[in-house]
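Down below is the structure, laid out as structure tokens.
The values are calculated or read from the model by the stated rules, or taken from the named source; none is laboratory data. Everything numeric here is computed off the predicted structure, so don't read it as measured data. Quick reminder, even Gly has a Cβ in these numbers, built from the backbone with ideal geometry, and neighbours come from all protein chains shown. Just so you know, the surface numbers come from the protein's heavy atoms only, side chains and all, with ligands and any DNA or RNA stripped out. Shrake-Rupley method; radii C 1.70, N 1.55, O 1.52, S 1.80 Å.
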Amino acid sequence: QVQLVESGGGLVQTGESLRLSCTASGSILSINDMGWYRQAPGKQRELVARITSGGSTNYADSWKGRSIISKDNAKAAVLLQMNSLKPEDTAVYYCNAEILAMRGSYADRKTYWGQGTQVTVSP
């Protein structure tokens with residue numbers, strides 16, 4: 001069973017930084033794209049940033065210039081450095097990954113989500 005576990009959320013003030021971490025575990029054969037999404041109360045889940053297996057990155061416009069996504073292949077982890085945080089960044093942040101993993105005797109590629117980590121930015 002593959003699991004994604006996030007950490008690093010918390011309460012910060014406007015202008016401060018946070019670093020989110022997400023680690024994948026289980027019978028993993030390979031990991032393709034990994035990314036971070038967020039969902040604020042009453043809003044749809046939206047992209048923050050994604051990184052491909054080759055290291056190419058893609059950011060939502062609101063995050064360009066103030067966030068950096070990276071990955072640690074050895075640890076099956078994806079990291080998100082968020083800077084200059086604003087109250088409107090308050091949301092639950094979810095890790096997402098496309099993973100090829102063993103399910104019994106078969107290899108299966110699926111998209112997995114973490115449970116989410118709360119980020120709260122006070123004015």
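When the residues of the stretch 60-78 are filtered to those that are assigned to a strand (DSSP E or B) and out of contact with any Lys or Arg (no Cβ under 8 Å at 6 or more places or on another chain), the one that is least open to solvent (accessible area, probe 1.4 Å) is S67. Taken over the stretch 23-43, the residue count meeting the criterion of being closer than 23 Å to S84 by Cα and either open to solvent by 50 Å² or more (accessible area, probe 1.4 Å) or assigned to a loop (DSSP other than H, G, I, E, B) (or both) is 4. Within 28 Å of R103 (Cα to Cα), basic (K, R) and in contact with an Asp or Glu (Cβ under 7 Å, 6 or more places away or on another chain), is that true of R50? Considered against the rule, which asks whether it is within 28 Å of R103 (Cα to Cα), basic (K, R) and in contact with an Asp or Glu (Cβ under 7 Å, 6 or more places away or on another chain), R50 comes out as yes. In the stretch 62-70, the count of residues that are in contact with a Phe, Trp or Tyr (Cβ under 8 Å, 6 or more places away or on another chain) and touching a residue at least 60 places away in the same chain (Cβ under 8 Å) is zero.
Against the condition open to solvent by 50 Å² or more (accessible area, probe 1.4 Å) and either out of contact with any strand residue (DSSP E or B) (no Cβ under 6 Å at 6 or more places or on another chain) or part of a strand (DSSP E or B) (or both), how does R19 come out, does it pass? For R19, the condition - open to solvent by 50 Å² or more (accessible area, probe 1.4 Å) and either out of contact with any strand residue (DSSP E or B) (no Cβ under 6 Å at 6 or more places or on another chain) or part of a strand (DSSP E or B) (or both) - is met. Of the residues examined, Q81 is not one that is within 21 Å of V5 (Cα to Cα) and assigned to a loop (DSSP other than H, G, I, E, B).
Scanning the stretch 102-123 for residues that are among the small types (G, A, S) and in a strand (DSSP E or B) turns up A107, S122. Scan the stretch 26-61 for residues that are without any contact (Cβ under 8 Å) to a residue 40 or more places away in the chain and of a type in the set (F, W, Y) and the total you get is 1.
Among the numbered conditions (1) modelled with pLDDT under 95; (2) open to solvent by less than 50 Å² (accessible area, probe 1.4 Å), the only one that T52 does not meet is (1). Would you call Q39 out of contact with any Lys or Arg (no Cβ under 9 Å at 6 or more places or on another chain), of a type outside the set (V, I, T), at pLDDT 95 or above and at negative phi? So Q39 does not fit the description; no. Of everything in the stretch 82-119 that is loosely packed, with under 15 Cβ neighbours inside 10 Å and more than 20 Å from N32 (Cα to Cα), the residue that is nearest to the chain's Cα centre (by Cα) is Q118.
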